[in-house]
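To keep things clear, I will list the structure first and then write my remarks on it.
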Amino acid sequence: MKIALIPGDGIGPDIIEEAVKVINAVGEKKQISFEFITYLAGGAAIDQTGIPLPEATLEGCKKSDAVLLGAVGGPQWDTLPGHLRPERGLLGLRKGMELFANLRPALLFPQLKAASTLKEEVIGDGIDIMVVRELTGGIYFGDRGRNEEGTRSAYDMETYSEPEIDRITRIGFEIAKKRKKKLTSIDKANILETSRLWREVAERVAKEYPEVELHHMYVDNCAMQLIRNPHQFDVMVTSNMFGDILSDEASMLTGSLGMLPSASLGSGKLGMYEPIHGSAPDIAGQDIANPIAAILSAAMMFRYSFEMEAEAVMIEEAVARVLEAGYRTKDIMEKDMKLVGTKEMGSLIAEEIKKM
Ligand code: NAD
Ligand code: IPM
Ligand code: MN
């Protein structure tokens, strides 16, 4: 298995190191060998090559079996023009590999009930929502620009084609079919034309999935419903920007942004696995970042790119056991628990795998 590593910026390198520890523990246990190749993207690439996505990175990633990415970005690159910013490197990777479907599972580990910002009665018997975010279209990739003459103005265009909506809603239905058979499509169809087309296409695709219940919801209502009654959601499918925002919100239901992994998938086996959080410059290099989102992203890599479900479950179970034993990074720390750093959390999870 050839794994491309893109540590990136800020806490990216801190958490990727721990994910690699855990992948190697699985390798040792199951006698699988991995070849890791590290590539530059984001701010780290700008500093060394002048651009956020060197050609060698994209080419190398395309030739790998999977890509594991930390995070990109940071204040030192915030004043660069848009096309040279670190974040553009990440968008280039997603687009370049045609990874149009981003799965963001908001799953509350029962051990973290107290870390969730929701009241116990709202959490009930747990939270388990799969956010399916469109990743290579919409306002992220539309025309944008400025008019500098006279009164200055700027614009960002949102466009969605029927095939783009078709393939992402289909993924939503496929996933819902294997879960509780409820799909909520999130849009702003009361205002946006892209959303009205989105609804039409979702309704058409729904005819092929009679066993799945399709609901539509406006994004503003959804932001509220997520914290009012998260149990009404099973699978959510939505556009690039709405999915970005709603998944950060959903992460807090699970205790911390540092808990939420993601898989970015296309039509083949190749996928990119990335925590949903950013480079957290405020805590970079201090051994306090939570590496679990990155580690759970590695579990998703085993599940989706390698089709090794047992190994994915092994990692998820190891995380659950370490939480059960009371170990917590700062972001999920509660009274009477044992505070550990990034490295120790990674080591504990790797050790747990070796014990299995
Ligand atoms: P952020 O996700 O980096 O951080 C938001 C808050 O959450 C911060 O207080 C941070 O300390 C905390 N946090 C994030 N991850 C954590 C973890 N694993 N453990 C503990 N705490 C964690 O978002 P931001 O501050 O808005 O953005 C910082 C930079 O990251 C920006 O340059 C942004 O563009 C970039 N960014 C990158 C990605 C990505 O690479 N996928 C995602 C989001 C933001
Ligand atoms: C994410 C991030 C990225 C996004 C940025 C850094 C381009 O916020 O992965 O959620 O908006 O997709
Ligand atoms: Mn985001």
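The numbers here are math on the coordinates, done by the rules we state, and not lab data. Everything numeric here is computed off the predicted structure, so don't read it as measured data. Cβ placement follows ideal geometry from the backbone for every residue including glycine, while neighbour counts extend to all protein chains displayed.
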Self-check item: Long-range amide H partners of Ser279 with built H, under 5 Å
Solution: Val72
Quiz item: Under a plain spin-label model, where a point goes 7 Å from the Cα along Cα-to-Cβ, how far apart in nm are Gln232 and Lys207?
Solution: 2.8 nm
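Express the relative contact order of region 216-356 as a whole percentage, based on alpha carbon pairs under 8 Å and six or more residues apart in sequence. Mind showing how you got there, number by number?
On the way: 167 pairs, mean separation 25.8, N = 141.
Relative contact order here is 18 percent.
What percentage of all Cα-Cα pairs in the chain are separated by more than 25 Å? Let's see the in-between values first.
Numbers: 33714 of 63190 pairs.
That fraction is 53 percent.
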Quiz prompt | For Val237, distant residues with modelled amide H under 5 Å away | solution = Val132, Thr184, Ser185, Ile186
Quiz item: Among Gly92, Gly271, Gly346, which one shows the biggest mean-square fluctuation in a GNM of the chain, springs joining Cα atoms closer than 10 Å?
Solution: Gly92
Quiz prompt | Lysine pairs in region 1-149 with Cα atoms under 20 Å, if 8 or more residues apart or on separate chains | solution = 9
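Rounded to a whole number of µm²/s, how large is the Stokes-Einstein D of region 170-214 at 20 °C and 1.002 mPa s, given Rh as the Kirkwood radius over C-alpha pairs?
On the way: Rh = 10.8 Å.
It comes out at roughly 199 µm²/s.
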Exercise. Find, to one decimal place in angstroms, the Kirkwood hydrodynamic radius of region 185-303, where the mean of 1/r is taken over every pair of different Cα atoms and then inverted.
Key: 16.3 Å
Quiz item: Along the positive direction of the dipole of region 197-307 (beta-carbon charges: Lys, Arg +1; Asp, Glu -1; about the Cα centre), which of Ile245, Tyr209, Pro261 reaches farthest?
Solution: Tyr209
Quiz prompt | Karplus (6.51, -1.76, 1.60) ³J(HN,Hα), θ = phi - 60°, over region 332-344, in Hz, Gly and Pro reported as x | solution = 10, 5, 9, 4, 6, 9, 9, 6, 10, x, 4, 5, 5
Practice problem: Let me know the shape class of region 196-242, please: from the alpha-carbon gyration tensor, a ≥ b ≥ c as square roots of the eigenvalues, rounded when a/c is under 1.5, otherwise prolate if a/b is greater than b/c, or oblate. | Solution: oblate
Practice problem: Give me the distance between the Cα centres of region 28-73 and region 258-307, rounded to whole Å. | Solution: 13 Å
Quiz item: R0 = 45 Å: FRET efficiency of Lys29 with Arg146, Cβ-based, nearest 0.05?
Solution: 0.25
Quiz item: Each residue of region 251-260 in order: what ³J(HN,Hα) in whole Hz does its phi give by Karplus 6.51 cos²θ - 1.76 cosθ + 1.60, θ = phi - 60°, with x for Gly and Pro?
Solution: 4, 5, 5, 8, x, 6, 4, x, 9, 9
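Could you list the chymotrypsin sites (Phe, Trp or Tyr not before Pro) in region 28-57 that lie in coil according to DSSP, counting only those with at most 16 other Cβ atoms within 10 Å of their Cβ?
Values: sites: Phe34, Phe36, Tyr39; in loops: Phe34, Tyr39.
Sparse-neighbourhood loop chymotrypsin sites (Phe, Trp or Tyr not before Pro): Phe34.
Tell me, what is the percent relative contact order of the chain, built from C-alpha pairs under 8 Å that lie six or more residues apart?
Relative contact order here is 23 percent.
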Quiz item: Roughly how many nanometres apart are two label points built 7 Å out from the Cα toward the Cβ at Met356 and Ser153?
Solution: 5.6 nm
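From the helices alone, meaning DSSP H stretches of at least four residues, give me the mean residue ellipticity at 222 nm for the chain, per-run term -39500 (n - 2.57), in deg cm²/dmol to the nearest 500.
Values: 12 runs with 146 residues, N = 356.
That comes out to -13000 deg cm²/dmol.
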Exercise. Calculate one ³J(HN,Hα) per residue across region 33-38 by plugging θ = phi - 60° into the Karplus curve 6.51 cos²θ - 1.76 cosθ + 1.60, and present them in order as whole Hz with x for glycine and proline.
Key: 10, 10, 10, 9, 10, 8
Quiz item: Points 7 angstrom from Cα along the Cβ direction at Lys177 and Met241: gap in nanometres?
Solution: 3.2 nm
Practice problem: Loop only per DSSP, at most 10 neighbouring Cβ atoms within 10 Å: give me the GluC sites (Glu not before Pro) in region 131-229, ordered by residue number. | Solution: Glu148, Glu149, Glu208, Glu211
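Hand me the GluC sites (Glu not before Pro) from region 306-345 located in a DSSP loop with no more than 11 other Cβ atoms within 10 Å, in residue order please. Don't skip to the answer; put the middle values down first.
Values: sites: Glu307, Glu309, Glu311, Glu316, Glu317, Glu324, Glu334, Glu344; in loops: Glu307, Glu334.
When the GluC sites (Glu not before Pro) of region 306-345 are filtered for loop state and at most 11 Cβ neighbours within 10 Å, Glu307 remain.
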